[in-house]
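Here is the structure we will look at, set down as structure tokens.
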Amino acid sequence: QVQLAESGGGLVQAGGSLRLSCAASGRTFSSYGMGWFRQAPGKEREFVAAINRSGEGTMYADSVKGRFTISRDNAQNAVYLRMTSLKPEDTAVYYCAATRLPPIPTPNTYNYWGQGTQVTVSS
């Protein structure tokens, strides 16, 4: 069992930056691939970024590539999403998720989800 808690969301102007954190409970954090997803009002949840168990493998949605960076610290049981050059279309609730499988962009392959943190980018 893994419990996830996101933090770091907020209101930022376009072009600004934020760093989201996801704290995980449990002693087996390093056994899970991790992902970040987001959901805007009226839209489906979409993949943002993922990182494998060791942290050496990452993948990104095309819409955030070059602007967002995912990382993890297995000693701290945490995963991060550094977001730069934010755009109004990045506005959404951001969720972190854990999977026992190699992480891929498909939400239903993830076993555990956090409650989400709101990111709002003003123009």
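The values are calculated or read from the model by the stated rules, or taken from the named source; none is laboratory data. Because the structure is a prediction, the values reported are computed rather than measured. With ideal geometry, Cβ positions are generated from the backbone for all residues, glycine too; neighbour counts draw on all protein chains shown.
Scanning the stretch 88-101 for residues that are in contact with a strand residue (DSSP E or B) (Cβ under 6 Å, 6 or more places away or on another chain) and not in a strand (DSSP E or B) turns up Pro88, Asp90, Thr91.
Scanning the stretch 1-30 for residues that are among the basic types (Lys, Arg) and either under 14 Å from Thr99 (Cβ atoms) or without any contact (Cβ under 8 Å) to a residue 60 or more places away in the chain (or both) returns a single hit, Arg27. No other residue among Asp62, Asp73 is out of contact with any strand residue (DSSP E or B) (no Cβ under 9 Å at 6 or more places or on another chain) and not hydroxyl-bearing (Ser, Thr, Tyr) apart from Asp62.
Listed here are the residues, each with its yes/no results for (1) among the hydrophobic types (A, V, I, L, M, F, W, C); (2) more than 17 Å from Leu4 (Cα to Cα); (3) at pLDDT 95 or above; (4) out of contact with any His (no Cβ under 8 Å at 6 or more places or on another chain).
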residue: Tyr32; (1), (2), (3), (4): no, no, yes, yes
residue: Ala50; (1), (2), (3), (4): yes, no, yes, yes
residue: Arg53; (1), (2), (3), (4): no, no, yes, yes
residue: Lys87; (1), (2), (3), (4): no, yes, yes, yes
residue: Ala92; (1), (2), (3), (4): yes, yes, yes, yes
residue: Thr120; (1), (2), (3), (4): no, yes, yes, yes
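Residues that are surrounded by 15 or more Cβ atoms within 10 Å (Cβ to Cβ) and either in contact (Cβ under 8 Å) with a residue 60 or more places away in the chain or of a type in the set (A, V, I, L, M, F, W, C) (or both) within the stretch 101-119 comprise Pro103, Pro105, Pro107, Tyr110, Tyr112, Trp113, Gly114, Gly116, Thr117, Val119, listed in sequence order. Kindly establish whether Met34 is more than 23 Å from Leu11 (Cβ to Cβ), among the aliphatic types (A, V, I, L, M) and within 14 Å of the chain's Cα centre (by Cα). Criteria met by Met34.
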